[in-house]
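Since the structure comes first, as structure tokens, the remarks are kept for the end.
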Amino acid sequence: MIGGLPQQLAHTSKILNRFYSTKSNLQLLQKLRQETQVSVLKAKEALVKNGNDYEKALAWVFEDAKISGHAKAEKLKGRLTREGLIGVVISKNWELAASGLLPNERGAIVEVNCETDFVSRNILFRQLVVQIASTSLLISPTSPVESPIIQKIPVSLLHSAPIFPHPSSSSFSQLPLVNTIKESIEEMIGKLGENITLRRAAVVNFNDSVTSEFRKTIFTGGYVHGDDSTTGKIGGLIMLQSSDLLTPSENNITNFSIQSIKKLGRDLARQVVGYNPKYVDENDDSIPKDITNLEEYLNENVLLRQISLSGGGSVKDNINKVMQDYKIRLKVLDFLRWECGEGIDKAESNFAAKSIMTSKEIETLCNLTLEKLHQDFAEVKKDLFQTGRACTFLLGECLLDLQKGNRCPNSLILIKVTSLVDFASEKLHSFIYQDVPTCWRQLHTDASLIKGICEVQIAFDEEKSQLDSTSSWKQVIKTLDMTLLLSGAPGFTK
């Protein structure tokens, strides 16, 4: 008994040490998660492996993210990326203009794609897009140009560039500056679990020695149609050149006039995004001459002739007003408009016509899936109850309605189960990919499968009625694709 006392004391000592160090561990755990956005388990693993040394744990997290992100990127690199965001950033240089360090404004636009709209709305993905756009500001695609233009940047050049935070914010510092854009994208793939690609980038490019001629300044306007000022589904850049402007030190230009010109630039960029013009003015040589209603065509497609979104007549009228107010000359040099996903092959196959499965095989597969869902329902009901009794009972009701056949119309079942899918999807948006609770993943997966089966039956009914079922089969494919994409979260084993 006495001989075993030292071992008992040693064991007790370990327990006490673990108990008294819990508070500091939790603080480090919280700090590490806030700075890196990793899951609780990953942050805990980093601290345990490095003896609660925070700096070492932080370095371990970044290194682990590189390794796991690269492996995940290799696994997913063949998957098509049709969704994503356009990012637009404009340099804020007027604080430096008085010293003559950077008298002109640069702007950049990028398109970063992912697989689903679900990921494109994630804050981490949005931050990555802004960081890539901010890095693009500092990259010159070629040797200096003779005249200012908006010029594309080779994606390969950007991939190897070190990634920088947004120039106007210090909050986007989650990735170390030693990371390249390619490495940062791979790390984000590891975090979000989808293929992510940098599709294209462009930057306002000019030769400083040319644009610094007496009384000439470049203003760049940018706009994105989306939830914030830097990312969205459609984005645009526009370049304005002003002349007869003296430098701020010569007291011929005020902050108010600068802000008015910058506002005009933003309004013009919004015009480009909203009305999608093809030419700056009617003198463009690429305008076709053999159009029947040439005037109507010019009014719709020439920027300066379009009706301004901001009011006050045409776009040209608004530019003339600013010119008169500040005794300057303004000229639109170039503009660019990008829409996320444009030009990507989005053609979907006619599932009913090209499927290698017959209608009977599809029906058999649906019945087997329905039977399996019914068998598993009792087993997973405990997990589903964490989503709320109403969700669980509604899911069970939809499952029973499908099994009973004519008990409830397919259209009504579809309405009910779609509400479950949408509700579960909203909950999924509330978490980082690694931290999605199993109960919401389970609800989304089961409800989506029921929805897919219901849509298959609707497509069959349309074919029996000799109606065009193409759109219904496309919806089936979309539903099942989303089910596959969102059913593979860590910890999900069903």
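Would you tell me the accessible area of K451, worked out with a 1.4 angstrom probe on the heavy atoms of the protein chains, in Å² to the nearest 10?
Approximately 30 Å² of K451 is accessible to the 1.4 Å probe.
Among D325, D284, what's the order by accessible area (1.4 angstrom probe), most exposed first?
Reading off the accessible areas and sorting them downward yields D325, D284.
Search the structure for amide H atoms under 5 Å from the amide H of F164, placed 1.01 Å from N in the peptide plane, and list their residues when 5 or more places away or on another chain.
T135
Within a Cβ distance under 14 Å of E282, other residues only, what is the Lys/Arg minus Asp/Glu net charge?
-2
Need one value: the accessible area of K44 in square angstrom, 1.4 angstrom probe, rounded to the nearest 10.
Accessible surface of K44 is approximately 120 Å².
Report ³J(HN,Hα) in whole Hz for each residue of region 280-295, in order, from the Karplus equation J = 6.51 cos²θ - 1.76 cosθ + 1.60 where θ = phi - 60°; Gly and Pro get x.
6, 9, 6, 8, 5, 5, 7, 5, x, 9, 9, 8, 5, 9, 4, 4
Can you give the FRET efficiency for K263 and T470, using 1/(1 + (r/R0)^6), R0 = 56 Å, r = Cβ-Cβ distance, to the nearest 0.05?
Efficiency, rounded to the nearest 0.05: 0.75.
If R126, R33, R329 are ordered by their accessible area, calculated over protein heavy atoms with a 1.4 Å probe, which sequence runs from highest to lowest?
R329, R33, R126
Using r as the Cβ-Cβ distance of L76 and S243, and R0 as 56 Å, what FRET efficiency do you calculate, to the nearest 0.05?
With R0 = 56 Å, the Cβ-Cβ based efficiency is 0.65.
Please give, to one decimal in nm, the separation of the simple spin-label points placed at L400 and T364, each 7 Å out from Cα toward the Cβ.
Taking the simple label geometry, L400 and T364 are separated by 3.1 nm.
Pull out the extension gain between E63 and Q30, defined as 0.36 nm times the separation in residues minus the alpha carbon to alpha carbon distance; nm, one decimal.
Full extension of this stretch gives 9.9 nm more.
Need the full-extension length gain, D290 to F377, defined as separation in residues times 0.36 nm minus the C-alpha distance. One decimal, nm.
Fully extending the segment from D290 to F377 adds 24.7 nm.
Go through region 267-279 residue by residue and turn each phi into a ³J(HN,Hα) via Karplus (6.51, -1.76, 1.60, θ = phi - 60°); whole Hz please, and just put x for glycine and proline.
Running phi through 6.51 cos²θ - 1.76 cosθ + 1.60 with θ = phi - 60° gives 4, 5, 5, 5, 4, 4, 5, x, 9, 6, x, 10, 9 Hz.
The values are calculated or read from the model by the stated rules, or taken from the named source; none is laboratory data. All of these numbers come straight from a predicted model, not from anything done at the bench. Heads up, the Cβs are rebuilt from the backbone with ideal geometry, glycines too, and the neighbour counts pull from every protein chain shown. For accessibility, only protein heavy atoms count, side chains too; no ligands or nucleic acids. Shrake-Rupley method; radii C 1.70, N 1.55, O 1.52, S 1.80 Å.
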